[in-house]
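These notes are about the structure you will find just below.
Readers should treat all values here as calculations from the given coordinates under stated rules, not as data from a laboratory. Bear in mind that the values here come from a model prediction, so they are computed numbers and not experimental data. All Cβ positions, glycine included, derive from the backbone under ideal geometry; neighbour counts span all protein chains shown.
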Amino acid sequence: MEKELATFAGGCFWCIQHAFDHLPGVLQTQAGYTGGYVKNPI
């Protein structure tokens, strides 16, 4: 199966993550921030 990556923005990202976690075909979700210069900010 071919995988694709999508990035979404929303208010409370844990709420958005929970909604996507339960969609058919979604393999993994990860909440966090976009942009900036640090690869894996804490």
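Mind telling me which of the residues LEU23, LEU5 ends up being surrounded by fewer than 10 Cβ atoms within 10 Å (Cβ to Cβ), more than 12 Å from the chain's Cα centre (by Cα), in a loop (DSSP other than H, G, I, E, B) and free of Cβ contacts under 8 Å to residues at least 40 places away in the same chain?
Values: LEU5 fails: more than 12 Å from the chain's Cα centre (by Cα).
When all the criteria are applied, what remains is LEU23.
Residue by residue through segment 8-20, note down the ones that are under 9 Å from the mean Cα position of the chain (by Cα), assigned to a loop (DSSP other than H, G, I, E, B) and either surrounded by 10 or more Cβ atoms within 10 Å (Cβ to Cβ) or aromatic (Phe, Trp, Tyr) (or both).
Matches in segment 8-20: PHE8 only.
Give the residue that is farthest from MET1 (Cα to Cα), with candidates limited to residues of segment 26-42 that are of a type in the set (Val, Ile, Thr) and surrounded by 10 or more Cβ atoms within 10 Å (Cβ to Cβ). So that I can check it myself, show each step before the final result.
Our first condition is that a residue be of a type in the set (Val, Ile, Thr); within segment 26-42, this holds for 26, 29, 34, 38, 42.
Narrowing further to those that are surrounded by 10 or more Cβ atoms within 10 Å (Cβ to Cβ): 26, 29.
On the way: VAL26: 12, THR29: 18 Å.
So, considering only residues that are of a type in the set (Val, Ile, Thr) and surrounded by 10 or more Cβ atoms within 10 Å (Cβ to Cβ), the one farthest from MET1 (Cα to Cα) is THR29.
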